[in-house]
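Before any comments, here is the structure.
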Amino acid sequence: MNDQQLLRFSRHILLDEIGIEGQEKLLAAHVLVVGCGGLGAAALPYLAAAGIGRLTIADADTIDETNLQRQITFTEADIGKNKALVMQGRLKQINSQTHITAIAEFLDEARLVELANAADIILDCSDNY
């Protein structure tokens, strides 16, 4: 970790349960999040802020006005835009050091398996099977 990361994540590092070793694991982790709606919009900002090193986010859906009361990462200006692409931009504002890949498509089985095999952790935040 560099000096900037030591300062930014100092509160994590002070926790016995995390420490420097734990924060280094977070910085090296790759998390796949499928779905940027209600669950994904809540989880993703925390993952970026915590220092997850690499996030892959997938959602083919677009932002609708009916999403705004529970998906607070999105704004009225985002209506009609792809959720994964908008989320990518928001997360970069939270932590510019996190490598974020946005996938604006529905994942078929083959693509999901490919992405899952590359990830350390998978969050299923989808609203369908």
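The values are calculated or read from the model by the stated rules, or taken from the named source; none is laboratory data. Note that the coordinates shown come from a computational prediction; the quantities given were computed from them, not determined experimentally. Positions of Cβ are generated from backbone atoms using ideal geometry, with glycine treated the same way; all protein chains shown enter the neighbour counts.
For the condition free of Cβ contacts under 8 Å to residues at least 60 places away in the same chain and in a helix (DSSP H, G or I), what is the one hit in Leu55, Leu39, Leu85? Give the derivation first.
Numbers: Leu55 fails: in a helix (DSSP H, G or I); Leu39 fails: free of Cβ contacts under 8 Å to residues at least 60 places away in the same chain.
So the residue among Leu55, Leu39, Leu85 that is free of Cβ contacts under 8 Å to residues at least 60 places away in the same chain and in a helix (DSSP H, G or I) is Leu85.
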### Message
Against the definition (assigned to a strand (DSSP E or B), within 25 Å of Met1 (Cβ to Cβ) and of a type outside the set (Gly, Ala, Ser)), how does Ile100 come out, yes or no?
### Response
yes
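Do we have Ala50 as under 15 Å from Cys125 (Cα atoms), touching a helix residue (DSSP H, G or I) at 6+ places or on another chain (Cβ under 9 Å), of a type in the set (A, V, I, L, M, F, W, C) and at pLDDT 95 or above here? Outline the logic, then answer.
Working: under 15 Å from Cys125 (Cα atoms): no; touching a helix residue (DSSP H, G or I) at 6+ places or on another chain (Cβ under 9 Å): yes; of a type in the set (A, V, I, L, M, F, W, C): yes; at pLDDT 95 or above: yes.
Spelling it out, it is not the case that Ala50 is under 15 Å from Cys125 (Cα atoms), touching a helix residue (DSSP H, G or I) at 6+ places or on another chain (Cβ under 9 Å), of a type in the set (A, V, I, L, M, F, W, C) and at pLDDT 95 or above.
Out of everything in segment 58-71 that is outside any loop (DSSP other than H, G, I, E, B) and buried (at least 17 other Cβ atoms within 10 Å of the Cβ), what residue ends up being modelled with the highest pLDDT? Working first, answer last.
Within segment 58-71, the first condition is being outside any loop (DSSP other than H, G, I, E, B), and the residues that meet it are 58, 62, 65-67.
Okay, now just the ones that are also buried (at least 17 other Cβ atoms within 10 Å of the Cβ), so 58, 67.
Details: Ala58: 98, Asn67: 95.
Looking at the filtered set, the residue picked out is Ala58.
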#### Entry: Flag if Leu27 is in a helix (DSSP H, G or I), out of contact with any helix residue (DSSP H, G or I) (no Cβ under 6 Å at 6 or more places or on another chain), among the aliphatic types (A, V, I, L, M) and surrounded by 15 or more Cβ atoms within 10 Å (Cβ to Cβ)
yes
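May I ask you to verify whether Phe74 is crowded, with 18+ Cβ neighbours inside 10 Å, out of contact with any Phe, Trp or Tyr (no Cβ under 9 Å at 6 or more places or on another chain) and assigned to a loop (DSSP other than H, G, I, E, B)?
On the way: crowded, with 18+ Cβ neighbours inside 10 Å: yes; out of contact with any Phe, Trp or Tyr (no Cβ under 9 Å at 6 or more places or on another chain): yes; assigned to a loop (DSSP other than H, G, I, E, B): yes.
For Phe74, the condition - crowded, with 18+ Cβ neighbours inside 10 Å, out of contact with any Phe, Trp or Tyr (no Cβ under 9 Å at 6 or more places or on another chain) and assigned to a loop (DSSP other than H, G, I, E, B) - is met.
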